[in-house]
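Encoded as structure tokens, here's the structure I'll be asking about.
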């Protein structure tokens, strides 16, 4: 099994998307911080690291968007990992090893989870370091406490775990569809149009239990929020808390387990042709 895990690690890191996607996200973080610095310098405002990070570990703060985008990156990596074998013909070769199909799939899932988690934690740490540097230059980093850093560490670890689960989720969905491009494009459309759009507005109770929403909640430690009331009323809908981040983590785990179990059952019975 050790040799299998080593081989799958090499195979995953040989994928360009595994190396360049995280680097691209890191570059986006740098550009974003640079733009923030330019805006702050122009407006004469400042950044308070302690307040921003305290908010980031709560309901909406600075880490919220990061904790949503990083799992999506992990989904793409997982989808690309299994999709590459379908494109090159390796999947058919794997299917000839019928007694070891599930063992091979399990090794691939384990490596995907570990790799995506490490990449996600590295990106989260990098973003926090950039924010700290921006605060040191344009504002204040005074007042940091052990409790604050403990919360930050919790955010980093949970973001990594959410990314690892999402990577396995993407691998499972792609295996079911047998098309990595279709899985990635379909997921992005689902994320932007369905989960964050139609369902969030018209079926908010359902939206509170969907995967990306719960991944972001689990990463930041914030409760899952949803709309309550009609969007067509004069006052508009209220925003209420639905469930906490621990329940969100369990929901994400169940989504991943369902995708992996379904893909494993399909992969076990799949024909070579």
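Yes or no: residue 191 more than 18 Å from residue 81 (Cβ to Cβ) and in contact with a helix residue (DSSP H, G or I) (Cβ under 6 Å, 6 or more places away or on another chain)?
On the way: more than 18 Å from residue 81 (Cβ to Cβ): yes; in contact with a helix residue (DSSP H, G or I) (Cβ under 6 Å, 6 or more places away or on another chain): yes.
For residue 191, the condition - more than 18 Å from residue 81 (Cβ to Cβ) and in contact with a helix residue (DSSP H, G or I) (Cβ under 6 Å, 6 or more places away or on another chain) - is met.
If you don't mind, another one. If we only count helices (runs of 4 or more DSSP H) wholly inside the range 180-257, which ones have 1 or more residues that are surrounded by fewer than 21 Cβ atoms within 10 Å (Cβ to Cβ) and within 16 Å of the chain's Cα centre (by Cα)?
Details: elements: 180-189, 199-202, 204-207, 211-220.
Passing ranges, in order: 180-189.
A further question follows. Given the criteria modelled with pLDDT of 75 or more, more than 23 Å from residue 121 (Cβ to Cβ) and either more than 20 Å from the chain's Cα centre (by Cα) or not in a helix (DSSP H, G or I) (or both), does residue 40 qualify? Don't jump to the end; show me each part of the working.
Values: modelled with pLDDT of 75 or more: yes; more than 23 Å from residue 121 (Cβ to Cβ): yes; either more than 20 Å from the chain's Cα centre (by Cα) or not in a helix (DSSP H, G or I) (or both): yes.
It is true that residue 40 is modelled with pLDDT of 75 or more, more than 23 Å from residue 121 (Cβ to Cβ) and either more than 20 Å from the chain's Cα centre (by Cα) or not in a helix (DSSP H, G or I) (or both).
If you don't mind, there's one more thing I want to ask. Can you tell me how many residues within the range 183-203 are under 28 Å from residue 79 (Cα atoms) and touching a residue at least 24 places away in the same chain (Cβ under 8 Å)?
6
A further question on this structure: Report yes if residue 162 is assigned to a helix (DSSP H, G or I) and closer than 26 Å to residue 24 by Cα, otherwise no. Give the derivation first.
Details: assigned to a helix (DSSP H, G or I): yes; closer than 26 Å to residue 24 by Cα: yes.
Criteria met by residue 162.
Restricting to the range 1-37, what's the tally of residues that are within 23 Å of the chain's Cα centre (by Cα) and not in a helix (DSSP H, G or I)?
In the first step, residues of the range 1-37 are kept if they are within 23 Å of the chain's Cα centre (by Cα); the result is 5, 8-33.
Checking the rest, the ones that are also not in a helix (DSSP H, G or I) come to 14-15.
So the count comes out to 2.
Six or more apart or on different chains, Cβ atoms under 6 Å: show the pairs whose first residue is in the range 1-26 and buried (at least 16 other Cβ atoms within 10 Å of the Cβ) and whose second is modelled with pLDDT under 80 and assigned to a helix (DSSP H, G or I).
The qualifying pairs are 18/12.
The values are calculated or read from the model by the stated rules, or taken from the named source; none is laboratory data. Computed from a predicted model, the values in this text were never measured in an experiment. Glycine gets a Cβ as well: all are built from the backbone with ideal geometry, and neighbour counts include every protein chain shown.
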